[in-house]
Amino acid sequence: MKNLLLVMSNRDGYGFALRPQHIQRYREYANIFKEEEEERSYKWSYFIEQQQKSNHSSSSEEERRAKLQAEADELREETVSERVRQEDDSSDKNSDSDGSTKSYPGKEVQLSQQPEKKVQLSEEPENEVQRSEQPEKEVQLSEKPQKEVQLSEEPEKDLKLSEQPEKEVQLSEEPEKEVKLSEEPQKEVQASQIPGRETLLSKESDKEGQLLKETKARKVKSWSWTRPSLHVIENMMSSRVRNIKDLKDRHNTINGDHLPSIKKTVSSGGSTAVEINKELWIKETSDDNVDESTEESSVDCKLAPESFFPWKELEFLVHEGVPKDLRGEVWQAFVGVKTRRVERYYEGLLAEETNTEQSKEHNNSKAAPRKWKKQIEKDIPRTFPGHPALDERGRDSLRRVLVAYARHNPSVGYCQAMNFFAGLLLLLMPEENAFWTLVGILDDYFDGYYTEEMIESQVDQLVFEELIREKFPKLVNHLDYLGVQVAWISGPWFLSIFINMLPWESVLRVWDVVLFEGNRVMLFRTALALMELYGPALVTTKDAGDAITLLQSLAGSTFDSSQLVLTACMGYLAVTEARLLELREKHRPAVLVVVEERSKGGRIWKDSKGLASKLYSFKHDPGSLVKEKKVSEGDKSMLESHSSNLDDFLSGLSVDSEVDSLPDPQEHVISLFLLSLHCSAAFLNLMKVIHLMLDLCLKIHKYHPLVVWLKVELCRLMEEKRSAVLRAEELETALMEMVQQDNRRQLSAKVEQLEQEVADLRQVLADKKEQEAAMLKVLMRVEQEQKITEEARIGAEQDAAAQRYAVNVLQEKYEKAMASLGQMEQRVVMAESMLEATIQYQSGKAKALSSPRSVSSSVESPRRRIGLFGLGWRDRNKTRFLCNFGPITVDCNLPPISLTKTNQVMMILAPVNLAMRAKIRALCRKVETTKKRREEVMLGNSAPVAQEHTDLYRSDKESAWNSKSQLLAHKDKAM
Amino acid sequence: MGCSSSLPDRSTGRLGGLNVSESGGVADAKNLRVKLVLLGDSGVGKSCIVLRFVRGQFDPTSKVTIGASFLSQTIALQDSTTVKFEIWDTAGQERYAALAPLYYRGAAIAVIVYDITSPETFTKAQYWVKELQKHGSPDIVMALVANKADLHEKREVPTQDGIDYAEKNGMFFIETSAKTADNINQLFEEIGKRLPRPSST
């Protein structure tokens, strides 16, 4: 096994292929699995040890056995290591004898157990127990009346006495076995066990030669006893198996015809011992206690006081998983293989092949087996393809087990899925053990599941659908909405018992519990746990395909097997066998009707028919039922079909309303109301009919079973009516809730819409406000600037006024100056005339006497002329004078005051002028800067207002400029 | 159970997925979503056809399908519509026929497969056609597929028989080989073309 692992990294610890997308996750979990495994094997070995001690602490035999067990373990280890070596050897000479055992862990166990058989031989009590059990099976097969007595007597050891005659046959076989066993240990003692076994096998094949021609004798030694340490468990479970068998036999003898309500008919007959037994069983099954098997076991304990057994502890251990190396045997113990096994039965089945072939031409019923054979041949290479253990020999074993089962139970024959079960079992145990385990699983746990019609399988789907509706209404609502039916996915889960649906570790863990509990409860619990785990993810899917794909892939990656098993076992304690039985009873009729119609192939059954039309036909059915009944009273099948027909419609209440997932809640509402109304009316009708029939039957036939059956049927129907009424009420309340929810949803939708609108409006408002604020800011800024420009303008105007004033002053001064100039000119003229007069006078005098003084005065006079001339020139160029304040050459004759005055004016004017220029320049600059700012504002916020402002501002500026130029012009004029 | 998980969806034109219809189709003129069911005798290659179509793989030793398995695949047609096939691959053994209505109910397309080397499977295919005519939805599109066309030297069902039967029953007929991938995509494309289109209003 180990080297196989090394070779194939894409296979898991059990040699199964991993999907590529799961390899990574498997690796993550591989260590966890390993740790769990270690813990498990420790716990189990401790548990088994404890059991042995507590049960037979005083017995030295037990100690011996335990010692031998330890030896066996050692031996097994040796064998394993030896085998590894042998396998490494490419030329495997032993392969023939080693045969199918090569890569079977189960076979390793088998080898290790040979010494135990020694013990069995030496231990008489042990053998006695076995013998006492075997006859039971013999009897069951032959169905002798005595078995009732036998089965009613529980304490096994008493059987010996009461069954001596029967055991004769058995005993005659016994020596044979003892010989076999006595031979075996001898061979086992030899260093290499394999050759020993070879000889043994050949001897056996000699013995059974004629049986084994077909199957190549070398591999028939395929049975092994479980290790004695597990006998405690085995015995407990065996008693359970007997219980079940007992119950079944009762049914079979009392009602050979398969009435739907088998259980209740039993009460009408049978021995008292069986009655008690049965009541115990019913008590167990109907008990709503947490665990069926615990309850059951306590009963068993009473019946078999020799062993007090801690079921709770074992249950806990099973939930945590069975260790790999014990799994094969523990499973056998759980299924009760030892109790079930009938010596040579398996070989006998295989030997039938020859007979079949010989007699096939005159036996039509053998056509079916041939069909199965063909199907088996098709499926064998498609069972765990590529698994290292399923080589040529593994496939032969698989074929034999499947063929044997098909012959063992022809009502089932072969059904796809069994190939996987048998394959799995063959990986864990020898061939015949696998066969008996398969028999146990299929005949008891999955009775009616894989038959031609697959009725129980369909019933279980309806039950599961109801459960899931109850547990996960939201999820189912969503799936309904997507148009996904849960059964699409859960159907394959149940049918394959999760093989290929979950990772192997999880499959095996689920199987541990399934086999331990001995019923299908764990299937439901596991499926519910999967829905719980993956429901939240499923609710997010948007179409049917995605939902299914998601669920499939999520389930396929459920590597956390402990989480799964614990969720299943702890979370759904309310899902018990009793509950399931009840639900199955409820849903079975619906399936039966469909099956019947299919087989008849008559009336076309269409699902597309609306609920209303179904109800209509249903309403009118009871009437016709009465008529028909009168015509053919006592025809049970007829009655059955009709009553189950009715049941179909009743359960249609839950099924069809689910199937036709109505998109409109209103439609749903109406149909539901209709349904609940019609239900009670129809029931009343039916009641009447049944009463009528009851009377008729009593009068005419006094046919007891029928009456009983009718009574039972009546009770059942009444019960169903009650449940239907309850269901109707439930639906009604659900409906009200739905309506309310709908209203609420609408309202909340409206409120949401309105709220959305309000929010939108608020948003708009806020935006508007913001805009407004921005605009205001711009306006303020513009205003400020306006103010500034206004101020500037005012300043400029003031300046202009001041300048004007200054100009006026200057003008006045100028006029004064001109006036004084005029005066001065006048005075100059006067002075000139005076001077001329004086000159004339003096010349007159000089003529008389020329004096030097006159020369000097003549020199002086030109200067004056020049001065005068200069003045005249100056007078003529007034403007030029004003413009360039050049130095004035004034005659010294001019009065000094006037000269200084002009200068003074000039001096006053000059700074004023300068100041004005500076001011104008400053103004210009200011204007320039404001212009710039305005432009900035305009760029940033090109609102029309701003534009307006700029225009205004510009005009302001222009006016300022105008005023300035005016001022200048004015000044010019003034000058 | 050949296949219990699907590839990550390759579809480009995904739907809102909110419109669910019972007939398995979806009312979007450009993006169709259809439920397809594969029926036929055991071992004719139903799972292999699906695997070839969805994953482009062929495994001669595929596993037995228990119950049914689901895969989906989207293709684009020439007229730029996309079709998402939701494929239910059912178990072939006769008794599983009891469960088949669960899967073909509401399917828009049924692909009925037989094996050209086995006349028995052809008979079985005819059984399925009748079953669907009786119990399937009335407007179901049916295709008759003759698989294992690569084994022509072992052929026992003449092509003409298939063609005739398909014609008589208003079906679409094609011979395929999942092994060589012959006609597999064509099969689904042809089906896509034949789908009733929702009137685009």
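The values are calculated or read from the model by the stated rules, or taken from the named source; none is laboratory data. In this text, all values refer to a predicted model and were calculated from it rather than measured experimentally. Heads up, the Cβs are rebuilt from the backbone with ideal geometry, glycines too, and the neighbour counts pull from every protein chain shown.
Looking across the range A:532-551, the residues that are outside any loop (DSSP other than H, G, I, E, B) and either under 26 Å from A:LEU442 (Cβ atoms) or of a type in the set (Val, Ile, Thr) (or both) come down to A:ILE548, A:THR549. The set of residues in the range A:536-556 that are facing another protein chain (nearest Cβ under 7 Å) and out of contact with any Gly (no Cβ under 6 Å at 6 or more places or on another chain) comprises A:GLY545, A:ILE548, A:THR549, A:GLN552, A:SER553, A:GLY556.
For the range A:407-423, the criterion of being within 12 Å of chain B (Cβ to nearest Cβ), touching a Cys at 6+ places or on another chain (Cβ under 8 Å) and either surrounded by 24 or more Cβ atoms within 10 Å (Cβ to Cβ) or under 30 Å from A:GLU582 (Cα atoms) (or both) is satisfied by no residue at all.
Counting only residues that are more than 26 Å from the chain's Cα centre (by Cα) and within 13 Å of A:LEU580 (Cβ to Cβ), which one in the range A:453-475 is surrounded by the most Cβ atoms within 10 Å (Cβ to Cβ)? Top of the filtered list is A:VAL459.
Every residue in the range A:742-782 that is under 28 Å from A:GLU935 (Cβ atoms) and either surrounded by fewer than 10 Cβ atoms within 10 Å (Cβ to Cβ) or touching a residue at least 40 places away in the same chain (Cβ under 8 Å) (or both), please. Listed by number, the residues that qualify are A:ALA774, A:MET775, A:VAL778, A:LEU779, A:ARG781, A:VAL782.
Within the range A:708-725, residues that are farther than 13 Å from A:MET687 by Cβ have Cβ atoms under 9 Å from residues that are outside any helix (DSSP H, G or I) and aliphatic (A, V, I, L, M) in these pairs: A:TRP709/A:LEU259; A:VAL712/A:LEU259, counting only partners at least 6 apart in sequence or on another chain. Could you say which residue among B:ALA76, B:ALA29 is more than 25 Å from B:ASN169 (Cβ to Cβ), in contact (Cβ under 8 Å) with a residue 40 or more places away in the chain, touching a Pro at 6+ places or on another chain (Cβ under 7 Å) and more than 12 Å from every other protein chain (Cβ to nearest Cβ)? Checking each option against the conditions leaves just B:ALA29. The residue of the range B:48-68 that is surrounded by the fewest Cβ atoms within 10 Å (Cβ to Cβ), among those that are of a type in the set (A, V, I, L, M, F, W, C) and touching a Pro at 6+ places or on another chain (Cβ under 7 Å), is B:ALA68. Note on the range B:27-47: residues that are of a type in the set (Val, Ile, Thr) and either touching a His at 6+ places or on another chain (Cβ under 8 Å) or crowded, with 24+ Cβ neighbours inside 10 Å (or both) amount to 2.
Of all residues in the range B:78-99, those satisfying the criterion of being more than 24 Å from B:GLY40 (Cα to Cα) and either polar (S, T, N, Q) or at pLDDT 90 or above (or both) are B:GLN78, B:SER80, B:THR81, B:THR82.
Going through (1) at negative phi; (2) buried (at least 21 other Cβ atoms within 10 Å of the Cβ); (3) in contact (Cβ under 8 Å) with a residue 60 or more places away in the chain; (4) not aromatic (Phe, Trp, Tyr) one by one, B:ILE116 falls short only on (3). Scanning the range B:111-149 for residues that are among the aliphatic types (A, V, I, L, M), farther than 13 Å from B:ASN169 by Cα and within 16 Å of the chain's Cα centre (by Cα), which turns out nearest to the other protein chains (Cβ to nearest Cβ)? By that ranking, first place goes to B:VAL113. Look at (1) within 14 Å of chain A (Cβ to nearest Cβ); (2) in a helix (DSSP H, G or I); (3) of a type in the set (A, V, I, L, M); (4) in contact with a Leu (Cβ under 6 Å, 6 or more places away or on another chain) and you find that B:ALA166 fails only one, number (1). For the range B:50-73, the candidate set comprises residues that are over 17 Å from the mean Cα position of the chain (by Cα) and of a type in the set (D, E, K, R); within that set, the residue that is farthest from the other protein chains (Cβ to nearest Cβ) is B:ASP59. When restricted to residues that are of a type in the set (Gly, Ala, Ser) and within 14 Å of chain B (Cβ to nearest Cβ), the range A:9-32 contains 1. In summary, A:ALA404 fulfils each of the numbered conditions (1) away from chain B (no Cβ under 14 Å); (2) under 25 Å from A:PRO503 (Cβ atoms); (3) hydrophobic (A, V, I, L, M, F, W, C) with the single exception of condition (2). Looking across the range B:90-149, just one residue is outside any helix (DSSP H, G or I), basic (Lys, Arg) and within 28 Å of A:ALA590 (Cβ to Cβ), and that is B:ARG105. Of the listed requirements (1) at pLDDT 85 or above; (2) touching a Lys or Arg at 6+ places or on another chain (Cβ under 9 Å), A:TRP331 misses just one: (2). In the range B:80-89, the residue that is nearest to B:MET142 (Cα to Cα) out of those that are part of a strand (DSSP E or B) and more than 11 Å from every other protein chain (Cβ to nearest Cβ) is B:VAL83. Within the range B:59-79, take every residue that is among the hydrophobic types (A, V, I, L, M, F, W, C) and part of a loop (DSSP other than H, G, I, E, B) and give me the one that is nearest to A:THR549 (Cα to Cα). That would be B:ILE66.
The sole residue among A:ASP460, A:ASP396, A:ASP480, A:ASP443 that is away from every other protein chain (no Cβ under 14 Å), assigned to a helix (DSSP H, G or I) and either small (Gly, Ala, Ser) or touching a residue at least 40 places away in the same chain (Cβ under 8 Å) (or both) is A:ASP396. Is it the case, given these coordinates, that A:ILE489 is touching a residue at least 60 places away in the same chain (Cβ under 8 Å), buried (at least 23 other Cβ atoms within 10 Å of the Cβ) and assigned to a loop (DSSP other than H, G, I, E, B)? No: the conditions fail for A:ILE489.
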